[in-house]
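Just below is one structure, and these are the notes that go with it.
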Amino acid sequence: MAQADVPTVPGVDTSRRVKYIRSVDQVPNIPESEREKLRKVSEKYVFRANDYYLGLINWNDPNDPIKQLIIPRTEELNDWGELDASKESLVTVTRGVQHKYPHTVLLLCNEVCGAYCRYCFRKRLFMDENDEVTLDVSEGLKYIADNPAVSNVLLTGGDPLLMSTRRLTEIFDALRKIPHVRIIRIGSKMPAFDPWRVQRDEALQEAFRKYSQPDRRIYLMAHFDHPRELTAEAIAGLDCYMRNGVICVNQCPLIAGINDNAEILSELYQQLAWAGCPPYYLFQGRPTAGNEPYAVPIVRGWQIFHDANLKGSGLARRPRYVMSHETGKIEIVAVDDARIYLRYHRAKDESDRGRFMVYKRNDDAVWMDDLEPADAESPKFAPSPVLDYVDGPD
Ligand code: SF4
């Protein structure tokens, strides 16, 4: 029996096709009185969902986390944040190609996602004037081929798994012809939005088996935010990636109203570990325009992360809590009564690598730039906008 023919989770339909929904008017559970307001929000920050994902919402709960994740909120129109909060434009070397750390290049190869997370930090890519994504990755491939230090390539966007299997296979093939590229990462929320993307596509499964090789793997950087997304179908989907040679890990932001709760986060981490997709990063939400209702202050975030990590086995307690700042990935290491302790996990500037920094405790701060140094060695960065809304429903 070929590997692709092995049944995954018994009783799970592997062939379903989700039905896309592109307007809040197509969501009958949203009361007519709300729709007009939400339509205005979705004119600015696009709405897209599907029947499967909307089916996970408990509409009797006004604070339902899946609803918060996918249904627009009027507070998104508050004047807050920047569209490119971590200044990705500064590390864009050519259209659709970001190079911030020596070993890793990002190829922004698709400008569409299976659905749109309301708190997305790349929502600018879904706007009409976006020119940061390129469907033609040939320049990016040449850039990677010319840079022997690049051993990791992250396919991102948008969601690469929304591309056709033919295009994905062409990209895998081209990357495998570059000897110094060892790891191909796919950043995707399709395992949560459409668990059948991989299960119904034998050609994609075959491509994974061919291009995820013993000494140069394909990694799925999955994006589950809440344990309710880990349905039997989603777990069967993860199983299908793994059976076809893909290594799975999970990364997600900390989002008010969705997973800003130690019990929820710990439950998510444990279920992910059980499913073979252990947590890798927890991101501090970037102060991105439209994201004020989803922001969690750093100190509260650290307390949630700390408490969540008191439970579960070691495999469920592996993530690092980091800020993807324009200067690097900054780990939030600890908080005490007076200070916040940070360390560069990855740094854009070589001299910052591993650097430890200490800041005065500020319970309202949501981003690196809001913090005041507690010693002469720690740098001060420019401030981000003031946060008026800090409470997520616990
Ligand atoms: S899947 Fe990722 S890129 Fe797409 S909307 Fe969600 S957070 Fe943004």
Would you say Ile258 is touching a residue at least 24 places away in the same chain (Cβ under 8 Å), out of contact with any strand residue (DSSP E or B) (no Cβ under 8 Å at 6 or more places or on another chain), surrounded by 24 or more Cβ atoms within 10 Å (Cβ to Cβ) and aliphatic (A, V, I, L, M)? yes
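Restricting attention to the range 200-222, report how many residues are in a helix (DSSP H, G or I) and either under 29 Å from Asn50 (Cα atoms) or free of Cβ contacts under 8 Å to residues at least 12 places away in the same chain (or both).
Residues that pass the stated criteria total 8.
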Could you list all residues from the range 178-197 that are within 16 Å of the ligand (Cβ to nearest atom) and either assigned to a loop (DSSP other than H, G, I, E, B) or under 20 Å from Ile247 (Cβ atoms) (or both)? Arg185, Ile186, Gly187, Ser188, Lys189, Met190, Pro191, Ala192, Asp194, Pro195, Arg197
Between a first residue in the range 188-199 that is over 13 Å from Lys19 (Cα atoms) and at pLDDT 95 or above and a second residue that is hydroxyl-bearing (Ser, Thr, Tyr) and outside any helix (DSSP H, G or I), which pairs have beta carbons less than 6 Å apart while being 6 or more apart in sequence or on different chains? Gln199/Thr14
Identify, from the list Leu175, Leu154, the residue that is of a type in the set (A, V, I, L, M, F, W, C), buried (at least 18 other Cβ atoms within 10 Å of the Cβ) and within 16 Å of the ligand (Cβ to nearest atom). Leu154
Within the range 140-152, identify whether any single residue is touching a residue at least 40 places away in the same chain (Cβ under 8 Å), within 26 Å of Lys44 (Cβ to Cβ) and in contact with a Leu (Cβ under 9 Å, 6 or more places away or on another chain), and answer yes or no. no
Could you tell me whether any residue of the range 62-73 is closer than 30 Å to Glu139 by Cβ, touching a residue at least 40 places away in the same chain (Cβ under 8 Å) and either within 16 Å of the ligand (Cβ to nearest atom) or hydrophobic (A, V, I, L, M, F, W, C) (or both)? no
Within the range 234-243, can one find any residue that is surrounded by fewer than 23 Cβ atoms within 10 Å (Cβ to Cβ) and within 16 Å of the ligand (Cβ to nearest atom)? no
Under the condition of being aromatic (Phe, Trp, Tyr) and over 23 Å from the mean Cα position of the chain (by Cα), which residue from the range 332-366 is surrounded by the most Cβ atoms within 10 Å (Cβ to Cβ)? Tyr359
Given the options Arg286, Arg318, Arg343, name the one that is in a strand (DSSP E or B), of a type in the set (Lys, Arg) and either at pLDDT below 95 or at negative phi (or both). Arg343
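The values are calculated or read from the model by the stated rules, or taken from the named source; none is laboratory data. Only a predicted model underlies this, so the values are computations on that prediction, with no experimental measurement involved. Ideal geometry is used to build each Cβ from the backbone, glycine not excepted, and the neighbour counts take in all protein chains shown.
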